[in-house]
Amino acid sequence: MKGLIRARPGFNKPPGGDFAQLSETARHLQQLGVEATLSAALYPPLDDIDVVHLANTNKWMVHWCYAGILCARERSKPVVVSTIYWPWDEEEQEVLRRRPYGWTVAKALPKRALPVRVTATWARARNARSGWPKGWYAIYHSLQRKYRSLEMQQAVWGMADVLLPNSRIEADILKTLHGVQTPCVVVPTAVDPKFAQGDANCFAAKYGLQDFVLCVAAIHERKNQLSLIQAMRAVDLPLVLIGAANTRYARLCKERAHKNVHFLPPMSQEELADAYAAAKVHALPTFFETSGLASLEAAIAGGNVVTTVRGSTVEYFQDMAWYCSPTDVDSIKQAILEAAKAPRSTRLRDYILAEFTWERAAQRTLEAYQLAVRMQGKKCAGSGSGEPGEP
């Protein structure tokens, strides 16, 4: 079987959590006999591809995913979609509206019927040398203005053969909130065991920091570092932020930071393992996470985990983490204080290493591929016999 995993544009510049997940998924699928390739091309060659795997339908990239599913459908290729979805509530949107340099939450647009296909300019664009398609920005923002993200998300979910949520909670949200009837195969987020092998002394020797509060994530509104910085004013521990910081929001975070906040650039996985080992607490008070790959990595390194109540985190961390509300600075502060006082424990580390492996994630992904191919075969057989195929 040959599979194409289609990522968002620029997914490896710099590498983020989705880059790690997609790369490892492709590598472990290859170990199961799948010829899995990874591409960010808008219109990749699909002639010899058996299944197309679209990697994201969150509100920022759903227009790209929508174009991808139309390209696959034009060639009658079975499609599986990793949803990475969580609904935003009004309180969270209001917090973001009030923030200087925060994103603008668009007003609800009138509902419009989705087009049968994206414009020819979009569908036949070729990758520019930079890896971004020609005309991408103009077309993307045109679609954003014309269609609501939720409309496109629902269209993608309906056109897919199989959906791959990262948790049972996410699957239930898709079914109960949006009435999604597409089959779901839950594929858990996985973690590389090498993050359990970091050297705390190495990080401490290089940066002079140990037993601090760590947050590994690109500095972005959704990751909510500004609230974390505010909460840490009342916590007598250093805060270390590791991640890309090249946005207006990142500049605002630096302006509001106190002297005990340290900004460090993106690091290699080996350096990150050392940072996780040196930290006492890893805090990720985001507006939603399926699990938070950095939280999983920090947990197997032995640190205490503070994570958001929004998303599927409780399915991953159960009663072995401290939870906070992303819209409540006091909630973030209290969770960090409790996690900092608590002793380190191997219970969460052992649980994650046993349950959230790349082998298991790849096996579940392969099951979804096989299901999508079987469903496509039934559609073709139904059409060939004169009977109507499945919608």
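The values are calculated or read from the model by the stated rules, or taken from the named source; none is laboratory data. Note that the coordinates shown come from a computational prediction; the quantities given were computed from them, not determined experimentally. Here the Cβ is made from the backbone with ideal geometry for all residues, glycine too, and neighbour counts use every protein chain on show.
Things worth noting here:
- Matching residues in region 344-358 - criterion: being of a type outside the set (Ser, Thr, Tyr) and farther than 17 Å from residue 293 by Cβ: 344, 347, 350, 354
- Residue 314 among the aliphatic types (A, V, I, L, M) and surrounded by fewer than 22 Cβ atoms within 10 Å (Cβ to Cβ): yes
- Per-region count, region 276-304, residues among the aliphatic types (A, V, I, L, M) and out of contact with any strand residue (DSSP E or B) (no Cβ under 6 Å at 6 or more places or on another chain): 6
- Entry remark, region 292-307: residues being under 17 Å from residue 222 (Cβ atoms) and surrounded by fewer than 24 Cβ atoms within 10 Å (Cβ to Cβ) number 1 in total.
- Close pairs (6 angstrom Cβ cut-off, 6 or more residues apart or separate chains): touching a residue at least 40 places away in the same chain (Cβ under 8 Å) in region 247-262, assigned to a loop (DSSP other than H, G, I, E, B) anywhere: 248/101; 249/101; 252/101
- Test for residue 338: is it in contact (Cβ under 8 Å) with a residue 40 or more places away in the chain and either surrounded by fewer than 20 Cβ atoms within 10 Å (Cβ to Cβ) or in the same structural domain as residue 86 (by TED's automatic domain parsing) (or both): no
- Residue in region 157-180 that is modelled with pLDDT of 55 or more and on the phi > 0 side of the Ramachandran plot present: yes
- Of all the numbered requirements in (1) surrounded by fewer than 24 Cβ atoms within 10 Å (Cβ to Cβ); (2) touching a residue at least 12 places away in the same chain (Cβ under 8 Å); (3) of a type in the set (Asp, Glu), residue 289 misses one, and that requirement is (1).
- Among residues of region 366-391, those that are at pLDDT below 60 and either in a loop (DSSP other than H, G, I, E, B) or under 14 Å from residue 73 (Cα atoms) (or both), counted: 7
- Among the candidates 282, 262, the residue that is surrounded by fewer than 24 Cβ atoms within 10 Å (Cβ to Cβ), modelled with pLDDT of 95 or more and assigned to a strand (DSSP E or B) is uniquely 262.
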